Amino acid sequence: MTVHGKGLRGWREPEGDLDAGNSEATIRMMTGLLAGQPFMSRICGDESLSRRPMARVMKPLAEMGAKIEARDGQYPPLTIHGGELKPIDYTLPVASAQVKTCVLFAGLFADGQTVVREPVRSRDHTEVALREFGADIRVKQRVITLQGRPSLQARDVVAPSDLSSAAFFMVGALIVPDSNLVIQGVGLNPSRSAVLDFLLSMGADIQVTKIELVNGEPMGDIRVRHSPIRGGVIEKDLTARLMDEIPVLAVLGAASEEGLVVRDAETDRIAVLAENFRRMGVEIEVTPDGMRVPGRQKVRAARFDSFGDHRIAMAFAVAALRGDGESVMEGAEAAVSFPEFWGILEQAAGR
């Protein structure tokens, strides 16, 4: 892909609505960029995205001087009245790489230093990328400082394969007998590799080879073999670091020896996880802040529903590999964040 940059001030007002589809990351990060533009814009998404609250990005952007209108005060579509922004020193109430990125992107258009303080270290791809493109950005422990209005320089960039996307195939290989799968060129950023560390702690047979540093990001090949999994507990800081992977890790928990416990989770995905698990005859206990999935469970073929969520669709496609017959996925088109998923899954499964 070739991008012809126009500079921070080279954007123009869009002719119609911007569509973020199913991507919460897109709408949150784009809102930060649009807030600093000298025009009005409107960004929306699909039915699932339209139910996700945006207050966590609207609050800091309002402190920077942006005016944003939302349905019921917090839901997409968002109407963004862009303009001059001022830098802020903002402490994230909850660790979120998306909210952090939104504030940093808005800070690109503000005179002076924008500071973001994290309660827990989150994924730092934004910091790495901004530094690679020439921004004056400094990171000290959990404090990120960005100098506004940088002169960004074009770069040739190699983007590693996404570890969160790879996690679906890693779990698939772990739960399907006789599997021996190699996933090439996967990003191994330490702020993103919690899922790899967690799988290893559960006893997964995983090897990482051909490690190299490209554009500030470590990457390598991952070999995964079918192996017995002990089970585990996801809680406290680890919950925030594994939020994207929790659906597929729940599937692994049902196949593990001891099961999976998740605590300190604030996600609406647990309810739909529970619904699909019940359809496939898998026991799950939903708790006030998470869930418990007992291990050594058999999977019944079922008719699943993605409920418009891309990670739910992909997680239960992996679960269906353990089923006792043919399963059907309603809303499979929800996997818009990884459109090649179904083809790669068919290839990896040899079917």
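The values are calculated or read from the model by the stated rules, or taken from the named source; none is laboratory data. Remember, predicted model here, so these are calculated numbers, not experimental data. Cβ sites come from the backbone with ideal geometry, for glycine too, and all protein chains shown count toward neighbours.
General observations
- Tally of residues being over 22 Å from the mean Cα position of the chain (by Cα) and either closer than 12 Å to G83 by Cβ or in the same structural domain as F307 (by TED's automatic domain parsing) (or both) across segment 22-61: 7
- So I211, is it assigned to a strand (DSSP E or B), surrounded by fewer than 21 Cβ atoms within 10 Å (Cβ to Cβ) and either outside the structural domain of S96 (by TED's automatic domain parsing) or in contact with a Ser or Thr (Cβ under 8 Å, 6 or more places away or on another chain) (or both): yes
Condition check ((1) within 20 Å of the chain's Cα centre (by Cα); (2) in the same structural domain as P339 (by TED's automatic domain parsing); (3) among the aromatic types (F, W, Y)) across all residues:
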| residue | (1), (2), (3) |
| --- | --- |
| S122 | yes, no, no |
| E127 | yes, no, no |
| I137 | no, no, no |
| A154 | no, no, no |
| L174 | no, yes, no |
| D178 | no, yes, no |
| Q184 | yes, yes, no |
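- Conditions (1) at pLDDT below 95; (2) closer than 26 Å to R241 by Cβ; (3) in contact with a Phe, Trp or Tyr (Cβ under 8 Å, 6 or more places away or on another chain); number of the one not met by G331: (2)
- Number of positions in segment 76-89 that are in contact with a Lys or Arg (Cβ under 7 Å, 6 or more places away or on another chain) and either free of Cβ contacts under 8 Å to residues at least 40 places away in the same chain or within 13 Å of V143 (Cα to Cα) (or both): 1
- Screening segment 263-351 for strands (runs of 3 or more DSSP E) wholly inside it with 3 or more residues that are surrounded by 15 or more Cβ atoms within 10 Å (Cβ to Cβ) and touching a residue at least 24 places away in the same chain (Cβ under 8 Å) returns the ranges 290-293.
- Scope segment 12-23; condition part of a loop (DSSP other than H, G, I, E, B) and not polar (S, T, N, Q); matching residues: R12, E13, P14, E15, G16, D17, A20, G21
- Considering segment 184-216, the residues that are out of contact with any Asp or Glu (no Cβ under 7 Å at 6 or more places or on another chain) and among the hydroxyl-bearing types (S, T, Y) include one that is modelled with the lowest pLDDT, namely S193.
- Segment 280-331, subset among the basic types (K, R) and on the phi < 0 side of the Ramachandran plot, residue nearest to the chain's Cα centre (by Cα): R311
- Flag if E69 is within 23 Å of the chain's Cα centre (by Cα), surrounded by fewer than 21 Cβ atoms within 10 Å (Cβ to Cβ), outside the structural domain of H226 (by TED's automatic domain parsing) and farther than 29 Å from I312 by Cα: no
- Qualifying residues in segment 217-239 (those that are out of contact with any Asp or Glu (no Cβ under 8 Å at 6 or more places or on another chain) and not in a strand (DSSP E or B)) - the one farthest from V176 (Cα to Cα): D237
- Enumeration of residues in segment 167-208 that are part of a loop (DSSP other than H, G, I, E, B) and either of a type outside the set (K, R) or surrounded by fewer than 20 Cβ atoms within 10 Å (Cβ to Cβ) (or both): V176, P177, D178, S179, L188, N189, P190, S191, S193, M202, G203, A204
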